[in-house]
Amino acid sequence: KSEEPASRAASMMHSVSAGRYDQPDYRLNALLDFHARADTTVSPLVMLSKFRHFVIVDDRGARAKLFDLAIAPEADYPPITNLLFNNEKREQMVLPWKEVQKIEWRHRQIKVSNLGAAEAATDDWLKKELLLRRDVMDALVLDLHNRRATRANDLWLAKDDGQLLLKAADTSAGAVFR
């Protein structure tokens, strides 16, 4: 029996959030392509290990490689608040999430209005912020369901209502190899 594409995507995402997603990357790429072609109510999930390879592109064509993401940790599903990237002088720059216009999943691009609106990431700012790659990846996390401590080998992000949210930590052994 054939399922609707949105139903298959929702089923796949449920498996991801339940920690049972151990399928090859082509399943994730197929899901991203599905969302790139269709306007659906199901939000795409992407792993941080894949999303960190996206390129930030502004309206003038300026480009920068995404370096890290800052989150606001006070919510159950923390939203991304800032994008971090290195400018042409190799200085770390911070761009607020509100500058993001859209994410082009198929082309692996984050479209922003103006990369020039970014500010330098000062040492004080970096000390205060919680960054996904620096602070959360490979961190020891508590699995309350299974009552054990484990490592966050990868992180699942989902777009919801114009915001990118941290949805889950992948603690599976397969995530180590991504």
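Classification of the stretch 94-157 by its C-alpha gyration tensor yields an oblate form. The axis ratio a/c (a ≥ b ≥ c) is 1.5 or more, and b/c is at least a/b. The simple spin-label model puts a point 7 Å past each Cα toward its Cβ; for Arg134 and Tyr77 those points are separated by 2.6 nm. What residues of the stretch 52-90 lie in the reach of a label at Val141, counting those whose backbone N is under 12 Å from a point 7 Å from the Cα along Cα→Cβ? Taking a point 7 Å out along Cα→Cβ of Val141, the residues of the stretch 52-90 whose backbone N falls under 12 Å are 77-78.
Assign unit charges at the C-beta atoms only (+1 for Lys and Arg, -1 for Asp and Glu), then state the dipole size of the stretch 65-163 relative to its Cα centre in Debye, rounded to the nearest 20.
On the way: 16 positive and 17 negative charges, 75 e Å.
Using Cβ point charges on Lys, Arg, Asp and Glu, the stretch 65-163 gives about 360 debye.
Here the accessible area is traced with a 1.4 Å probe on the protein chains. For the stretch 46-152, carbon and sulfur cover 47 percent of it. Along the stretch 104-109 the Karplus relation, 6.51 cos²θ - 1.76 cosθ + 1.60 evaluated at θ = phi - 60°, assigns HN-Hα couplings of 8, 4, 5, 8, 6, 10 Hz to successive residues, with x for each Gly and Pro.
Using C-alpha pairs below 8 Å separated by at least 6 residues, the relative contact order for the stretch 116-178 is 21 percent.
With every protein chain kept in place and ligands, DNA and RNA left out, what is the accessible area per residue of the stretch 77-166? Probe 1.4 Å, answer in Å². Intermediate values should be presented prior to the final figure.
Values: 5380 Å² over 90 residues.
Computed with neighbouring chains in place, this is 60 Å² per residue.
Can you list the lysines whose alpha carbon sits under 25 Å from that of Lys128, skipping same-chain ones fewer than 8 residues off? Leaving aside lysines fewer than 8 places away in the same chain, those within reach of Lys128 are Lys65, Lys89, Lys98, Lys159, Lys167. Under 5 Å between amide hydrogens, built in the peptide plane, is the criterion, and for Thr81 it picks out Ala70, Ile71, Ala72 among residues at least 5 positions away or on other chains.
The values are calculated or read from the model by the stated rules, or taken from the named source; none is laboratory data. Keep in mind the model is a prediction, meaning the values are calculated, not measured. Glycine also receives a Cβ, built like all others from the backbone with ideal geometry; neighbour counts cover every protein chain displayed. Note: areas computed on protein heavy atoms with side chains; ligands, DNA, RNA excluded. Shrake-Rupley method; radii C 1.70, N 1.55, O 1.52, S 1.80 Å.
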